[in-house]
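Trainee: One structure follows; several queries about it will come next.
The values are calculated or read from the model by the stated rules, or taken from the named source; none is laboratory data. Quick caveat: nothing in here was measured; it's all calculated off a predicted structure. All Cβ positions, even for glycine, are placed from backbone atoms using ideal geometry, and neighbour counts span all protein chains on display. The protein model used for the area step is the full one, side chains on, heavy atoms only, and it has no ligands, DNA or RNA in it. Shrake-Rupley method; radii C 1.70, N 1.55, O 1.52, S 1.80 Å.
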Amino acid sequence: MIGLEVCVNADDLQNLGRDVQAARQGGAVRIELCGQMQQDGLTPSVEAMHIARDAFADVPGMLVMIRPRGGDFCYAMQDLLQMQESLYQAAECGADGVVFGLLNAEAELDLGPLKRLVDLAHQLSLPVTFHRAFDALRRPEVALEQLIDLGVRRILSAGTPWDSGQGVTAGLQRLGDYIAQAKDRIEVVAGGGIHQHNLAQVCEHLAPLGQCWSVHSYSALLEEGRVSQARVAEMTARCGPAK
């Protein structure tokens, strides 16, 4: 699979429907609905989920971020209970999938709570994407196998350390390693500074390594703060339709 996933800011409810429609009409295969983008994306409101579902119409691919707070990805029991409730809300609002990630203090997967959340998501018919907490892992190659075993559908990664400030072009070698290791058992979503001017480089590097990958973009698709259908369409054409 090669296609474009668009991150959509859910905080501006007045313009949210328009932004989601622009992504859909531009040819995005998925949207990732996030609140509080200044905190790298938190769980959106229930109202935002409803608006986005209506705007994305009957097209599958509306994903909802499940992240209760900013900061690290090590969650206390209260956070986990909030995440569980958000999973139920996303399902009730018609989401097609959810996006979350859990780590422990050793920068490894927090496997017990993670498995419970993944199992609940599957019970609610919500495929799971493990977000860029993947880039904060101490041993991502080990975690990749664990996520496959858990039945996670996708991982989102720039191939660079989470707190490094580096974008996807600096992580192409590692992203290629993930795709090669995954052997199409899990989709690798390349994200983190994807824009019109580096997309060809990303695709050229990753295309020979496997079929199960896609790209994710946010700020490059905005025009005056709103999602631009023309920019989405341009990037969709460059990366190719999903297969």
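Trainee: Taking +1 at the Cβ of each Lys and Arg and -1 at the Cβ of each Asp and Glu, which of Thr129, Val215, Ala10 sits farthest along the dipole of the chain towards its positive end, judged by Cα position relative to the Cα centre?
Mentor: Farthest towards the positive end: Val215.
Trainee: Quick one: among Ala230, Ala121, Ala76, which has the greatest mean-square fluctuation in a GNM of the chain with alpha-carbon springs under 10 angstrom?
Mentor: Ala76
Trainee: Determine Rg/Rh for the chain; Rg is computed over alpha-carbon atoms and Rh is the Kirkwood hydrodynamic estimate from the same atoms.
Mentor: Computed over Cα atoms, the ratio is 0.93.
Trainee: Under 4 °C and 1.567 mPa s, how fast does segment 107-243 diffuse according to Stokes-Einstein, given a Kirkwood radius computed over C-alpha pairs? Answer in µm²/s, whole number.
Mentor: The diffusion coefficient I find is 83 µm²/s.
Trainee: Distance between Cα centroids, segment 77-99 to segment 139-190: provide it in whole Å.
Mentor: With segment 77-99 and segment 139-190 each reduced to a Cα centre, they are spaced 24 Å.
Trainee: Separate question: What list of ³J(HN,Hα) couplings, whole Hz, do you get for segment 55-72 from phi and the Karplus terms 6.51, -1.76, 1.60, once you set θ to phi - 60° and write x for glycine and proline?
Mentor: 6, 7, 6, 8, 6, x, x, 8, 9, 10, 5, 10, 8, x, 7, x, x, 6
Trainee: Right, something else. Assign unit charges at the C-beta atoms only (+1 for Lys and Arg, -1 for Asp and Glu), then state the dipole size of segment 153-243 relative to its Cα centre in Debye, rounded to the nearest 20.
Mentor: 300
Trainee: Leaving out ligands, DNA and RNA, and with a 1.4 Å probe, what % of the accessible surface on the chain is carbon or sulfur?
Mentor: Carbon and sulfur atoms account for 47 percent of the accessible area of the chain.
Trainee: Then there's this: Averaging sequence separations of C-alpha pairs under 8 Å and six or more residues apart, then dividing by the length of the chain, give the relative contact order as a whole percent.
Mentor: 23
Trainee: Check each of the trypsin sites (Lys or Arg not before Pro) in segment 167-233 and keep only those in coil by DSSP with at most 15 other C-beta atoms within 10 angstrom; list them in order.
Mentor: Lys183, Arg185
Trainee: Leaving out ligands and nucleic acids, and using a 1.4 Å probe, what accessible area per residue does segment 1-58 come to in Å²?
Mentor: Per residue, segment 1-58 has 38 Å² of solvent-accessible surface.
Trainee: Still on this structure, I have one more. Of the peptides 11-17, 30-36, how do they stack up when ordered by the mean number of other Cβ atoms within 10 Å, highest first?
Mentor: The densest-packed peptide leads the list: 30-36, 11-17.
Trainee: Then there is this: Could you tell me, in Å, what Rg and Dmax come out for the Cα atoms of segment 1-123?
Mentor: Using the Cα atoms of segment 1-123, the pair Rg, Dmax is 14.4, 43 Å.
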